[in-house]
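Bear in mind these aren't lab numbers, they're just calculated from the coordinates by the rules spelled out. Just so it is clear, the structure is predicted and the values come from calculations on it, not from any experiment. In this analysis, Cβ positions are derived from the backbone assuming ideal geometry, glycine residues included, and neighbour counts consider all displayed protein chains.
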Amino acid sequence: MGRRREPRKEIQAQVRIFGTDSSGKVFSDKAVTVNVSRNGAELSGVHPTLNLDEIIGLSYGTNRVHFRVKWVGEPGTAKEGHVGLLNTSPEKPLWDFPLPVPAPDTHALQVADHRKYSRFKCQNSVELHTQEGASFWASTSDLSVGGCFIEMTIPLPKGTKLKIGMWIGETKLWAECEVAYSSPGFGTGMKFSRIAEPDLERIRQFLATLPREAAL
């Protein structure tokens, strides 16, 4: 049994990808789809070096949606220059052509997924406090025991250290974080650098209550 959630349509369509690469440099480049579905896509001709779990933007025609990088083709193999993407907002239309209906998937994934922690789509209010003293409110779009993605129009630079307070139900948790990556126009990926064990256990308990469909 494959790991795709739904069958994909084999089609070559030119798209534009944009965001920040593994070195933190902003890019905007053309690529071509290999196959697409409502929830994901495989692209070829990708020149920027991308990190796993990074959020990038993808535009097709006048539509624009952001995706999470799920795998990157190894250099020197047939998949060099290919990336696998997961739509973080599948309810937003992107393609203007029909897609196959959901069905069991028999695809065998050929590229290893190196994700360390499972992420779950969820929205939690957070307050951010920078070392310079600035503070502001935002919201997560996903969460794991290792970090979270925080939606913000102007993201923080990679390497920025800050403290965040996150609400889970009536409980407020605290964690020291570092910006792992940023995607202009979308938000910032945070990794927890220090968090108390009781707060980490509260996150584990919260993630366990989320439906399987929320896993990214």
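So the values come out like this:
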quantity: Every residue from segment 181-198 that is free of Cβ contacts under 8 Å to residues at least 40 places away in the same chain and either among the basic types (K, R) or within 21 Å of H66 (Cβ to Cβ) (or both); calculated: T188, R194
quantity: Odd one out for T33, checked against (1) surrounded by 16 or more Cβ atoms within 10 Å (Cβ to Cβ); (2) within 22 Å of A180 (Cβ to Cβ); (3) β-branched (V, I, T); calculated: (2)
quantity: Odd one out for E151 among (1) within 22 Å of L86 (Cα to Cα); (2) touching a Lys or Arg at 6+ places or on another chain (Cβ under 6 Å); (3) surrounded by fewer than 21 Cβ atoms within 10 Å (Cβ to Cβ); calculated: (2)
